[in-house]
């Protein structure tokens with residue numbers, strides 16, 4: 001496996017099971033194979049644990065329990081040299097295409113820093129060739145962007161430059177945390193197309209973190225739908241979104257407008273008042289207070305993942321046990 005996450009749990013707040021604790025991620029498992037390259041979507045609403053997962057993979061936060069294993073090595077016990085290799089192999093593209101740039105430097109500074117930090121080349125001509133190749137891979141040209149300052153570029157250009165920066169290092173995995181959420185709808189397709197081309201042509205896998213099921217459906221091979229830190233449903237993207245089985249995922253899919261003028265959209269899905277159920281790992285189903293099909297056993301413990309078809313489609317709901 002390229003990346004494997006085993007029983008990852010992250011609890012924020014004071015210890016001892018107090019009410020101040022928040023279970024951001026609970027018993028999360030994930031496997032990304034070395035080949036073929038794939039795009040794995042992690043979807044869910046704000047506060048579902050998506051960014052906590054990304055930060056744990058990138059080494060920005062330490063898990064309370066569980067493991068992040070890259071190419072057979074637990075990164076929590078990796079030596080300094082191994083971590084440097086890991087940071088080269090696992091790159092990130094963040095949500096904000098504005099905040100990741102230093103406004104005092106031209107765009108070329110982004111690439112020069114990467115080349116120096118990873119010792120990619122010492123010849124300036126080779127530098128320029130590498131940068132130009134990376135920009136071409138995302139549909140840009142050096143003469144158009146390198147001498148400009150970040151504020152002179154559009155949000156879509158800035159985000160594609162971040163893709164180019166990551167690509168130049170020749171990573172095996174890119175963690176893309178909401179990469180299209182802060183750009184215009186007209187630019188989203190171009191960024192998603194870059195992801196697909198890098199997967200197909202360069203063999204780079206992606207962990208695509210998003211709250212947008214429509215873009216996850218466009219590019220994702222597999223999808224994990226999180227709710228309050230736990231997996232509600234997982235499997236092949238077309239299977240999960242076309243045939244959702246968890247009550248929460250059904251509500252999510254129903255909330256996406258259908259592009260048909262003859263089908264009236266009812267507007268936002270209105271949830272009943274939500275109770276706080278994520279202050280303890282021992283609590284039952286996180287969706288209990290919102291679920292219209294809840295059972296008594298849902299309060300006893302978190303439901304396991306039940307297999308529902310042959311495409312590795314799994315659902316964390318006791319309704320699947322009957």
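Quick note: the coordinates plus some simple rules give every number you see, no bench work behind them. Quick caveat: nothing in here was measured; it's all calculated off a predicted structure. Positions of Cβ are generated from backbone atoms using ideal geometry, with glycine treated the same way; all protein chains shown enter the neighbour counts.
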Here FRET efficiency (C-beta to C-beta, residue 80 to residue 214, R₀ 30 Å, nearest 0.05) is 0.10
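Go ahead and run the numbers for FRET between residue 45 and residue 105, Cβ-Cβ distance against an R0 of 35 Å, rounding to 0.05. The partial results should precede the final answer.
Values: r = 36 Å, r/R0 = 1.02.
The formula returns an efficiency of 0.45 here.
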Only helices counted: for the chain, with every DSSP H run of 4 or more residues adding -39500 (n - 2.57) and the sum spread over all residues, [θ] at 222 nm is -9000 deg cm²/dmol
Assertion target for 241, 209, ordered by fewest C-beta neighbours within 10 angstrom first, is 241, 209
Full extension between residue 243 and residue 98 adds, at 0.36 nm per residue less the Cα distance, a length in nm of 48.5 nm
In degrees rounded to 10, the 0-90 angle between helix 80-89 Cα long axis and the longest Cα principal axis of the chain is 90
Per-residue Cβ contact counts at 10 Å, fewest first, order 62, 202 as 62, 202
Expected unfolding gain across residue 288-residue 118 under the 0.36 nm per residue rule, minus the alpha-carbon gap, is 56.4 nm
Per GNM of the chain with C-alpha springs under 10 angstrom, the most fluctuating residue out of 120, 207, 58 is 120
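Mind checking the full-extension length gain between residue 255 and residue 141? Use 0.36 nm per residue of separation minus the Cα-Cα distance, one decimal, nm.
Working: separation 114, 0.36 × 114 = 41.04 nm, distance 3.92 nm.
Residue separation times 0.36 nm, minus the Cα-Cα distance, leaves 37.1 nm.
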For the chain, the longest principal axis of the Cα atoms and the Cα long axis of helix 108-118 enclose an angle in degrees, to the nearest 10, of 80
For the chain, the longest principal axis of the Cα atoms and the Cα long axis of helix 185-202 enclose an angle in degrees, to the nearest 10, of 80
Pseudo-spin-label distance residue 202 to residue 73, built 7 Å along Cα→Cβ, given in nm, is 2.2
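Report the relative contact order of the chain, percent, no decimals, based on alpha-carbon pairs under 8 angstrom and at least 6 residues apart. Mind showing how you got there, number by number?
Details: 563 pairs, mean separation 67.0, N = 322.
Relative contact order for the chain comes out at 21 percent.
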Expressed in angstrom and rounded, the centroid-to-centroid distance over alpha carbons for segment 27-64 and segment 173-245 is 12
Residues 310, 96 in order from fewest to most other beta-carbon atoms within 10 Å are 310, 96
